[in-house]
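The values are calculated or read from the model by the stated rules, or taken from the named source; none is laboratory data. Every value quoted in this text rests on a predicted model; they were computed, and no experiment measured them. Backbone-built Cβ (ideal geometry, glycine too); neighbour counts: all protein chains shown. Please note that ligands, DNA and RNA were not included when accessible areas were found on the heavy atoms of the full protein model with its side chains. Shrake-Rupley method; radii C 1.70, N 1.55, O 1.52, S 1.80 Å.
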Amino acid sequence: ELYSSVAVSSVYGKPGLKLSPTLAAFTNGVATHSMDFDDTWHPATHPSGAVLPALLAASQMLPPKTKPSGLEFLLAFNVGLEVQGRLMHFSTEAHDIPKRFHPPSVVGTLGSAAAAAKLLSLSSAQCCHALGIAASLAGAPMANAATQAKPLHVGNATRLGLEAALLAARGMEANPLILDDIPGCSGFSAFYSVYHPKPLPAPGERHEFLLEKQDIAFKRFPAHLGMHWVVDAALSVRNLFVHYAGSFSPSLIRTIVLKIPVSKYINRPFPSSEHQARHSFQFNACAALLDGDVGLGSFSESSIQRQELRELLGKVVVEHPEDNVANFDKMYGEVALLLHSGDVLTGKCDTFYGHWRKPLSKESLLKKFRSNASHVLPEEKTEAIITLVDNLENLADSSQLACSL
């Protein structure tokens with residue numbers, strides 16, 4: 001099962017294609033993060049992409065009479081997210097925008113292992129070993145953010161977590177104390193220097209999962225989460241500018257001042273590729289100013305290389321106010337237009353639409369799903385998936401979800 005060439009697991013948007021479970025998990029994990037369009041938690045990570053593909057692949061791998069139900073699938077999904085959230089809450093470093101490791105490659109790998117271990121009904125000891133094995137397979141540097149390699153982090157997290165669970169099921173052992181903070185012995189603390197795990201109470205009759213209260217954001221457009229603050233601020237000041245001048249006229253602008261937190265990998269003055277543009281405060285602010293919107297088409301090569309956009313980028317000045325911290329719960333975005341007339345117009349956003357303080361409505365979520373799915377699935381199949389997910393807890397065989405995607 002681990003490295004089998006037997007193709008049993010589905011690939012998103014490719015009805016006629018199946019791969020081995022671990023390769024399907026990897027492929028679907030990469031697809032999940034390919035446009036930086038997946039959900040984000042605080043502390044910062046992308047929790048679902050590291051877990052869901054592993055569970056979908058594993059559900060198709062299991063023999064017919066042992067297929068997990070929809071309720072069992074949801075429970076395993078919750079376990080995978082729970083492990084990620086608990087690990088991040090144990091680290092004060094994890095609360096800020098990351099500097100060293102890309103979080104999904106770290107906590108996502110362990111979350112995938114935990115979810116797969118639950119779905120495969122591993123013993124308590126095997127679950128400990130699965131997490132220990134996953135810790136040895138985890139970690140990717142932030143230097144690869146804004147490159148084509150970044151989506152591999154999520155693909156590897158979901159694949160390697162599944163592999164860790166399968167290895168543990170086959171009897172492989174690892175350090176059962178890998179998540180403890182043991183002086184002089186780097187376990188999980190190797191990833192987070194400020195890491196203080198706490199004992200958890202034994203689950204009672206009514207266990208409250210982090211997912212019930214965890215901060216979570218769903219993006220409106222495919223870019224790094226930080227971009228959503230500056231885009232909303234830019235759209236706000238654009239409206240003021242149009243009211244002021246009658247239309248958006250870049251020639252009237254002398255300087256564009258961005259007030260953003262210090263975060264080097266998303267401070268990119270002149271991005272030259274799609275992935276760099278998705279990670280550029282400057283690009284997203286200027287695209288919003290110029291077009292009045294940011295969407296899928298904003299990150300095409302032709303859009304990135306527009307002369308009028310490059311000219312706007314040349315007018316950008318970045319400031320880092322002390323009160324604007326690199327933290328998705330506390331940061332804000334501010335865009336000020338300094339006009340040749342001497343007037344100044346300012347737009348500010350401290351909570352964008354899609355942030356956990358201002359969550360997307362179900363209507364907006366469905367609109368996003370339908371839009372994305374329309375590129376690879378017919379409308380009737382998209383609607384069937386929505387119905388299936390709405391009733392997942394009543395499904396007798398959860399592998400039907402994987403087959404439908």
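Key figures for this structure:
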item	result
The one condition in (1) open to solvent by 50 Å² or more (accessible area, probe 1.4 Å); (2) at pLDDT below 95 that ASN327 fails to fulfil	(1)
Output for region 141-175, where each listed residue is polar (S, T, N, Q) and either outside any helix (DSSP H, G or I) or under 14 Å from LEU110 (Cβ atoms) (or both)	THR147, GLN148, ASN156, THR158, ASN175
Count - residues of region 79-135 that are of a type in the set (Ser, Thr, Tyr), closer than 24 Å to ASN267 by Cβ and open to solvent by 50 Å² or more (accessible area, probe 1.4 Å)	1
Search result, residues across region 202-220 that are touching a residue at least 40 places away in the same chain (Cβ under 8 Å), more than 18 Å from GLY80 (Cα to Cα) and out of contact with any Phe, Trp or Tyr (no Cβ under 8 Å at 6 or more places or on another chain)	PHE218
Residues within region 21-35 that are crowded, with 23+ Cβ neighbours inside 10 Å and outside any helix (DSSP H, G or I), tallied	0
Tally of residues being without any contact (Cβ under 8 Å) to a residue 12 or more places away in the chain, outside any loop (DSSP other than H, G, I, E, B) and within 28 Å of VAL262 (Cβ to Cβ) across region 333-389	1
Members of region 104-129 that are more than 16 Å from LEU179 (Cβ to Cβ) and either within 14 Å of the chain's Cα centre (by Cα) or not assigned by the TED database to the domain that holds ASP38 (or both)	PRO104, SER105
Where ALA287 falls short, out of the listed (1) open to solvent by less than 10 Å² (accessible area, probe 1.4 Å); (2) of a type outside the set (Val, Ile, Thr); (3) under 30 Å from ALA115 (Cβ atoms)	(3)
Residue in region 213-221 that is open to solvent by less than 70 Å² (accessible area, probe 1.4 Å), touching a Pro at 6+ places or on another chain (Cβ under 9 Å) and of a type outside the set (A, V, I, L, M, F, W, C) present	yes
Of all residues making up region 383-396, the number that are under 21 Å from THR66 (Cα atoms) and surrounded by fewer than 16 Cβ atoms within 10 Å (Cβ to Cβ)	5
First in region 169-195 and open to solvent by 60 Å² or more (accessible area, probe 1.4 Å), second anywhere and part of a loop (DSSP other than H, G, I, E, B), Cβ under 6 Å, 6 or more apart	ASP181/PRO197
Where a residue in region 79-95 is assigned by the TED database to the domain that holds TRP41 and its partner, wherever it lies, is of a type in the set (Val, Ile, Thr) and surrounded by 19 or more Cβ atoms within 10 Å (Cβ to Cβ), with Cβ under 7 Å and at least six apart	GLY80/VAL51; LEU81/VAL51; GLN84/THR45; GLN84/VAL107; LEU87/VAL107; MET88/THR45; MET88/VAL107
Options HIS243, HIS279, HIS275: the member that is part of a helix (DSSP H, G or I) and within 19 Å of PRO98 (Cα to Cα)	HIS275
So PRO199, is it open to solvent by 30 Å² or more (accessible area, probe 1.4 Å), without any contact (Cβ under 8 Å) to a residue 40 or more places away in the chain and either part of a loop (DSSP other than H, G, I, E, B) or of a type in the set (Asp, Glu) (or both)	yes
